[in-house]
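Notes follow once the structure below has been shown.
The values are calculated or read from the model by the stated rules, or taken from the named source; none is laboratory data. Keep in mind it's a predicted model, so treat the numbers as computed, not measured. Note: ideal-geometry Cβ built from the backbone for every residue, glycine included; neighbour counts use all protein chains shown.
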Amino acid sequence: MAENNQNNLSSEEARKRLLELAQRSRAQFGNEAKKAEDAVKSASAGSPAPAAEMPDEAPAADEAPAADATEAAKEAPAAEAGEQSAPAQPAPAQTLRQRRDFEVRAAEEAKAAALALEAEEQRSAKVNAVFFRVFMSITVILVAFLAGYLFFLSKKQPEPEPEQEPEAPVFTMYDAGAVTKHLTPNCPDGTEFPDGMLDKFKPFYAYCGDFAGWLSVPGTCIDSAFVQNPTDSMSSQYYLKRDLQGNYSRYGIVFADFRNDMRDLNRNTIIYGHNFDDDKDGVAEDLIFGDIEQYLDVEFYKQHPTLKFYTPYKEYDAKIIACMLTNGDSTGDNGYLFNYIATQMSDGNFLAYIDELAQRSWINTTVDVQGEDKIVTLSTCSYQWDRGGALQNLRCVLVARLTRDGEDPSVDTSGATQNENPRFPQLYYNIFGGSNPYSASPRWYPDM
């Protein structure tokens, strides 16, 4: 029975059972035990037991008169009735035996309760030990992981910071003298130069095999070598964030479109450069191609109507014919992108392009263009239409026609005027309001 109780009693139930047994013992046996003790003491002293507890002795048969028998018979029912009305008291020996039996049962139940309590405590101790071991295991794993991670960080080599350009004055950063002053050829002695390369450009080619020419725009800070990387694509330009040595530079370097041929020029040669508003950096002038935005003003154009364009094989003069602002992707003009970077066009398609260009130009020049002419295009970002911190995908584009053989490179600018109503993309009307008068106009596309 003790084993069953051990399995069935919880620690709380065991405590309740012990308390209940103690109360029952006092309630049931307190008075009976005292009476039994008093009876034992009286018997040992020779005094008779109380009448209610001791039966009367019966007279001998030969001594009882006949008359008394009848009388006794009458009195017997009354005596029996009296005996039944008084409750019988248990004998002292019986009371002690019952108490012993009860104490044995109580002791067994108490033992079972104690065993159950001990088992519960052991189970709790085991559970606590399991939780403690799990907690310690997790702690050890986390500490080991953290130590390993810290060790890994301590051994990891930091990525080298991109080499920063040395500080230089704005007008010397891309000035010919600054570029050539410390040139050290990175080609071995005996470098083979392309046939027909001008001697003055060989040091540049020896220094950088991607050297593609030189560009100079009087009256601006644009006086720079430019490069061309044959691995470029429409979505990736190597020199966009690199200098002539291939090191990182936020200014990049002026570079030609990868599709252009510098020996046999295409219809349209495109050259790209960054535009930084360095007033934000405490520098008064813009860098690289920022100055071309000045050609949006006809008065500036009148002072500087030409530029110089050199390939490794030939020098060219060019007459500026247009300067415009246009969207940089098709979302800026109802799904249309004016493709000013097309490199090849037929004669008729080219003249149609020149007409479209004149509609968009902020200046009207008197420079003529013929079907067989070739042009050079300078392209850069523009922030003219940014409002409220929102950057717009806008381009400023300057276009110049190469002079023809034997043509006078000078330009008569007296007839040049400001275009008061240039053709804008839809982006302009989205920002500044108004209705786009060109929304339904025919769209020009290159035919080659």
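Quick check on GLY190: is it modelled with pLDDT of 85 or more, in a loop (DSSP other than H, G, I, E, B) and either assigned by TED's automatic domain parsing to the domain that holds ASN260 or farther than 28 Å from MET262 by Cα (or both)? Here the answer is no, as GLY190 does not meet what is asked.
Within region 388-416, the set of residues being surrounded by 11 or more Cβ atoms within 10 Å (Cβ to Cβ), of a type in the set (Gly, Ala, Ser) and touching a Ser or Thr at 6+ places or on another chain (Cβ under 6 Å) comprises ALA416 only.
Against the test of being over 29 Å from ALA416 (Cα atoms), of a type in the set (D, E, K, R) and either at pLDDT 95 or above or surrounded by fewer than 18 Cβ atoms within 10 Å (Cβ to Cβ) (or both), the options ASP277, ASP264 yield a single qualifying residue, ASP264. Select from region 385-407 the residues that are touching a residue at least 40 places away in the same chain (Cβ under 8 Å) and of a type in the set (A, V, I, L, M, F, W, C) and write down the one among them that is farthest from LYS319 (Cα to Cα). The qualifying residue farthest from LYS319 (Cα to Cα) is TRP385. Restricting to region 223-240, count the residues that are in contact with a strand residue (DSSP E or B) (Cβ under 6 Å, 6 or more places away or on another chain) and not in a strand (DSSP E or B). Within region 223-240, residues that are in contact with a strand residue (DSSP E or B) (Cβ under 6 Å, 6 or more places away or on another chain) and not in a strand (DSSP E or B) number 2. Quick one: which residue in THR377, THR326, THR366, THR343 is under 37 Å from the mean Cα position of the chain (by Cα) and either of a type outside the set (D, E, K, R) or within 25 Å of GLY213 (Cα to Cα) (or both)? Answer to the check: THR326.
Residue-wise test of (1) outside any strand (DSSP E or B); (2) among the aromatic types (Phe, Trp, Tyr); (3) assigned by TED's automatic domain parsing to the domain that holds HIS304.
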position	(1), (2), (3)
CYS396	no, no, yes
ALA400	no, no, yes
ASP405	yes, no, yes
PRO437	yes, no, no
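Scanning region 360-375 for residues that are in contact with a strand residue (DSSP E or B) (Cβ under 9 Å, 6 or more places away or on another chain), assigned by TED's automatic domain parsing to the domain that holds GLU293 and assigned to a helix (DSSP H, G or I) turns up at least one hit.
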